[in-house]
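Engineer: Quick one: the structure is below, questions incoming.
The values are calculated or read from the model by the stated rules, or taken from the named source; none is laboratory data. The structure displayed is predicted, hence computed values, not measured ones. Neighbour counts run over all protein chains shown; Cβ positions are idealised from the backbone, glycine included.
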Amino acid sequence: MRFTVSSREQHWGNRFFSTKAQVLSLLAWHRTGMDISRLDFALPDACVTGKAATLASPPAFSLSHPEAGWIRLAIEHPDADFPPVMMSKVFSPLAPLWAWSLALAWGMEPASCRIDEEGSAVYLIAKAGTEGRLSFTLVRTQYGCRNEPERLLQALTWEVQAETVRALLPLLPIGVGSCFIDEQGRRARLVHRNRRRWVLCWEDGRLSEGDCFYQDHRPVRRWPVAEGPVFDEAALDAIDRRRLAFMRLGVSPYGVVCPCCGYPCMDDDPADIYACDICDWPVWTLLCDKDFPETDPLEILKARTLFLQHGDCHAQEPKSAQEANVLRHLRAPQRMAMAQMVMAEWDDWLANPDLDHTPEPVWMRMSR
């Protein structure tokens with residue numbers, strides 16, 4: 001696949017990149033927001049790729065300068081006639097395309113990006129192909145009337161070596177150390193990245209960990225910026241330093257490190273991930289994109305204070321009979337002694353990490 005923006009081009013392999021000024025002019029035209037709501041990690045129902053015309057080689061794409069409120073994306077191939085995609089500034093398509101490109105470079109397929117036109121929509125879809133290749137599909141659909149589904153108009157499909165796409169990752173301007181600003185003007189610096197889960201350090205010194213594209217069923221809107229907060233790992237409190245160390249080592253099978261106590265969740269089945277084995281904080285919320293009060297930074301700070309006081313995230317006095325039963329189990333002398341033992345073993349493990357030999361979880365010791 002190759003992209004052209006104008007006659008002034010810089011060639012790299014079989015791809016073309018515009019000059020910095022041209023990229024900035026296109027991004028400035030879409031400065032109204034970074035809406036990635038049309039980026040998805042599931043294949044759209046309206047796109048029946050089995051009806052797509054298969055191309056032996058990738059098509060060429062050319063992107064025009066904005067004129068009269070439109071950007072024209074032309075698709076050229078000797079064996080296909082796909083009308084140009086007319087991208088309107090009303091729908092701001094460049095940010096979804098940018099995020100889609102990042103997702104593919106990070107190996108997060110299947111991923112699709114929707115570009116709205118007048119009366120129709122175009123989907124760019126990528127999924128795993130055959131023998132280490134990526135399968136791309138370009139689909140145009142016609143909007144359905146009222147509750148009717150979209151109707152497939154035309155589709156093209158082709159394959160590209162996955163390593164060719166992955167090789168673009170070092171050229172993409174997002175990595176550890178990159179800075180962002182959100183809709184409230186708050187700045188953050190990326191300090192760790194595990195595929196689509198990011199750890200950000202914010203101006204107030206707190207760390208946040210979560211999906212880089214979606215939060216609470218809504219797209220995350222963040223703009224890359226040149227400057228952000230200085231990240232001083234030594235200034236973090238002990239729990240955040242421990243938490244970040246476990247994240248970087250990737251010791252948890254699903255990348256879940258409790259934000260309350262800072263120790264990893266070692267369940268190897270996501271269906272088993274519910275509460276932290278040590279402090280009982282609801283770590284399952286880290287794997288869910290719904291809105292939970294437990295994920296609020298103030299709630300986490302409150303839970304940490306309680307953990308430092310008596311070893312779990314709950315208040316000293318139970319609020320109900322059900323919670324009293326939970327606390328009776330959590331604060332049983334034998335369990336508390338085992339939790340202390342596990343924490344001490346994890347602290348020793350951090351001094352000499354060995355991913356093949358990790359401390360046995362509390363629940364496993366209690367089951368013997």
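Engineer: Being modelled with pLDDT of 90 or more, assigned to a helix (DSSP H, G or I), in contact with an Asp or Glu (Cβ under 7 Å, 6 or more places away or on another chain) and assigned by TED's automatic domain parsing to the domain that holds residue 364 narrows it down to one residue among 241, 304; which is it?
Structural biologist: Result: 241 is the single residue among 241, 304 that is modelled with pLDDT of 90 or more, assigned to a helix (DSSP H, G or I), in contact with an Asp or Glu (Cβ under 7 Å, 6 or more places away or on another chain) and assigned by TED's automatic domain parsing to the domain that holds residue 364.
Engineer: For the stretch 122-147, name all the residues that are part of a loop (DSSP other than H, G, I, E, B), more than 22 Å from residue 171 (Cα to Cα) and not aromatic (Phe, Trp, Tyr).
Structural biologist: Result: 129, 130, 131, 144, 145, 146, 147.
Engineer: Looking at residue 337, is it surrounded by fewer than 16 Cβ atoms within 10 Å (Cβ to Cβ), farther than 15 Å from residue 361 by Cβ and either free of Cβ contacts under 8 Å to residues at least 60 places away in the same chain or in contact with a helix residue (DSSP H, G or I) (Cβ under 7 Å, 6 or more places away or on another chain) (or both)?
Structural biologist: Taking the combined requirement at face value, the residue does not satisfy it.
Engineer: State the number of residues belonging to the stretch 148-190 that are touching a helix residue (DSSP H, G or I) at 6+ places or on another chain (Cβ under 7 Å) and in a loop (DSSP other than H, G, I, E, B).
Structural biologist: 3
Engineer: Here is a further query. In the stretch 52-78, how many residues are modelled with pLDDT under 75 and either at negative phi or not assigned by TED's automatic domain parsing to the domain that holds residue 143 (or both)?
Structural biologist: Qualifying residue count, the stretch 52-78: 2.
Engineer: Could you grab me the full set of residues in the stretch 110-121 that are without any contact (Cβ under 8 Å) to a residue 40 or more places away in the chain and part of a loop (DSSP other than H, G, I, E, B)?
Structural biologist: Of everything in the stretch 110-121, those that are without any contact (Cβ under 8 Å) to a residue 40 or more places away in the chain and part of a loop (DSSP other than H, G, I, E, B) turn out to be 117, 118, 119.
Engineer: Surrounded by 17 or more Cβ atoms within 10 Å (Cβ to Cβ), more than 14 Å from the chain's Cα centre (by Cα), at pLDDT 85 or above and in a loop (DSSP other than H, G, I, E, B), is that true of residue 228?
Structural biologist: Considered against the rule, which asks whether it is surrounded by 17 or more Cβ atoms within 10 Å (Cβ to Cβ), more than 14 Å from the chain's Cα centre (by Cα), at pLDDT 85 or above and in a loop (DSSP other than H, G, I, E, B), residue 228 comes out as yes.
Engineer: Next question. Quick one: in the stretch 87-96, which of the residues that are assigned to a helix (DSSP H, G or I) and surrounded by 21 or more Cβ atoms within 10 Å (Cβ to Cβ) is modelled with the lowest pLDDT?
Structural biologist: Here the answer is 95.
Engineer: Check whether at least one residue in the stretch 335-349 is more than 31 Å from the chain's Cα centre (by Cα), in a loop (DSSP other than H, G, I, E, B) and assigned by TED's automatic domain parsing to the domain that holds residue 310, and report yes or no.
Structural biologist: Within the stretch 335-349 (the criterion being more than 31 Å from the chain's Cα centre (by Cα), in a loop (DSSP other than H, G, I, E, B) and assigned by TED's automatic domain parsing to the domain that holds residue 310), the answer is no, since none of the residues qualifies.
Engineer: What number of residues within the stretch 316-334 are touching a residue at least 12 places away in the same chain (Cβ under 8 Å) and outside any helix (DSSP H, G or I)?
Structural biologist: 1
Engineer: I'm trying to understand the selection: among the residues of the stretch 138-166, which are among the small types (Gly, Ala, Ser) and either under 16 Å from the mean Cα position of the chain (by Cα) or surrounded by 13 or more Cβ atoms within 10 Å (Cβ to Cβ) (or both)?
Structural biologist: Result: 155, 162.
Engineer: Mind counting the residues in the stretch 209-222 that are modelled with pLDDT of 65 or more and either exposed (fewer than 13 other Cβ atoms within 10 Å of the Cβ) or in contact with an Asp or Glu (Cβ under 8 Å, 6 or more places away or on another chain) (or both)?
Structural biologist: 4
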